[in-house]
Amino acid sequence: MISHLHTRFFLTLVGSLAAFAVGGIVFMHVDDGGRVVHVVHSFIIFPALALCIGIATYPLTRRLLRRLERLEQAVDALGAGDLSARVAVEGRDEVARLAQSFNRAAGRIEELVAAHKRLLANASHELRTPLARVRLAVELIGESADPKRKAGLDGDIAELDQLIDEILLASRLDAVADPGADEEVDLLALAAEECARYRDVRLDGVAAVRRGDPRLLRRLLRNLLDNAQRHGAAPIEVRLTRLPGSIEIAVDDAGPTLSAEQSQRLFEPFYRPAATERNVGTGLGLSLVRQIAQRHGGDAAYRSLEPHGNSFVVTLPLQA
Amino acid sequence: MAERILLVEDDARLAEMLSEYLGGAGFRVVHVTLGAAALERLAAEPCNAVVLDLMLPDMDGLDVCRQLRTKSDAPVLMLTARGDATDRIVGLELGADDYLPKPFAPRELLARLRAILRRRGNGAASEAPLCFGRLEIDRAARTLRIDGAERTITSYQFALLVALAENAGRVLSRDTLMDLVKGEALEAFDRSIDVHVSRVRAAIEDDARHPRRIITVRGAGYVFAKAQD
């Protein structure tokens, strides 16, 4: 089947050739010796004819290009996270069919993302409600319970809550192009707050305020500190250093330096060094650190310290 | 007479435990599992406060909150497992008075419930108390509570605490703090900001030697923690 678009181009081409042929016939003649001779004027007439054809076909081309531009804009908008981006379907040609296909695909993506969001919300609800019951039950046990055991249970609940949070967050960051909150965050204050959760973490740094998602940036710092506590050794130090146009957040510990193989895979999801004794957590902590840093226009890296020790460094641009 | 709390929660076991816990704290709890039932119940008999789960089987908790607001001015405390800032903001915009993510500390629920009841009792126009976990700073009444129990500090120290809490999550230098509390009646003795901060810490920290609410940032000042308990 010859398509509409193809027909248009085909007809335009045939028209052009016919015009050239007519031009050629009109502007040639037979000389006295019986040979066909082109008249010099044809050099002027042919470009003029080509120009006429160009002008005649311009509306068709312009309309086509505009529709393609609109389609391109919609694709770009979808790629940038506007899942409601659709394009108006005009005509019945290939471009119209492409627009229909795009709209169908965008609709499907929007549905899938909405379903994913619903799933995450439901999973969060289903997992956290029993956790709330356990926490309430611990409280209802009352004063008779052993305070140490009660504190241990509270710690376990907090750990489980954090695991749920990390798994759901990893899933959300992977699948949902949700820009998240955008607020002014005092990074030094945030670091001080997170360091205060531990008794032996030293903080040293400069004031740095930038826009970002405070919840995600808190998770970034908490994961770096949890990682140093679990796998590193004291003293643990957090440093905030201002670089030209960016801020560097480093969490240093004095634990044994990681091997080259380990350091390469550190930020992969679910990676856990095999020989680690205190193998707790989801294995998502550092991969989340990198995802959060990248979402804020920065990145995360590992540096070994001399003679031993580890430094986990996040660099964030100060102007997002 | 005991204050009536309408508990809207679809998880029967959690609701049972919450009823027991809040009942033990002197409240009379009426429990419903559906949003529609909550709206009916509220129309039939008034209550002093509503504890509303955001995710209900029959309707969205946010819709319940919106409709509830048209029928009653009882304060609403939302419980949610979503932990999403957007839901919190939408909930508060729709008229909820406070928000608590699951799994919440029961004592924090109690403290917040009492805070919204007190605020409503004092008249809605009064300045909202600042709540950070189990800590409640009532700026209108100039009182300070942890787990609902009042703690005493001087007027100057209260102003210092309010200045810090109103700027939670930001490092404040000693000079900035002095500026913020300027105009407060001076203490009898010329104590430094650090001494006042340590007094405030003694009143609000669980362990004043390892503060979690007012944190010192070396060479920069103090920060009042945004996330507490």
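The values are calculated or read from the model by the stated rules, or taken from the named source; none is laboratory data. Given the structure is predicted, the values throughout are model-derived calculations rather than measurements. Methodologically, a virtual Cβ is constructed for each residue, glycine included, from the backbone with ideal geometry; neighbour enumeration extends over all protein chains shown.
Restricted to region B:166-184, and to residues there that are part of a loop (DSSP other than H, G, I, E, B) and within 24 Å of the chain's Cα centre (by Cα), the residue that is farthest from the other protein chains (Cβ to nearest Cβ) is B:V181.
Restricting attention to region B:185-207 and to residues that are modelled with pLDDT of 85 or more and part of a loop (DSSP other than H, G, I, E, B), the residue that is surrounded by the fewest Cβ atoms within 10 Å (Cβ to Cβ) turns out to be B:D207.
Yes/no per residue for (1) in contact (Cβ under 8 Å) with a residue 12 or more places away in the chain; (2) among the aromatic types (F, W, Y):
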| site | (1), (2) |
| --- | --- |
| A:A189 | no, no |
| A:A192 | no, no |
| A:Y198 | yes, yes |
| A:A208 | yes, no |
| A:R230 | yes, no |
| A:R242 | yes, no |
| A:G245 | yes, no |
| A:A250 | yes, no |
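Within region B:209-229, being modelled with pLDDT under 90 and either more than 9 Å from every other protein chain (Cβ to nearest Cβ) or farther than 15 Å from A:L203 by Cα (or both) holds for B:R209, B:K226, B:A227, B:Q228, B:D229. Residues considered: A:A121, A:A151. Of these, the only one that is touching a Lys or Arg at 6+ places or on another chain (Cβ under 7 Å), in a helix (DSSP H, G or I) and modelled with pLDDT under 85 is A:A121.
Looking at A:A99, A:A114, A:A105, A:A48, which is the one that is within 29 Å of A:V14 (Cβ to Cβ) and either within 28 Å of the chain's Cα centre (by Cα) or assigned by TED's automatic domain parsing to the domain that holds A:I164 (or both)?
Details: A:A114 fails: within 29 Å of A:V14 (Cβ to Cβ); A:A105 fails: within 29 Å of A:V14 (Cβ to Cβ); A:A48 fails: either within 28 Å of the chain's Cα centre (by Cα) or assigned by TED's automatic domain parsing to the domain that holds A:I164 (or both).
The conditions single out A:A99.
Within region A:198-231, being within 16 Å of B:R212 (Cβ to Cβ), among the aliphatic types (A, V, I, L, M) and more than 9 Å from every other protein chain (Cβ to nearest Cβ) holds for A:V201, A:L221, A:L225.
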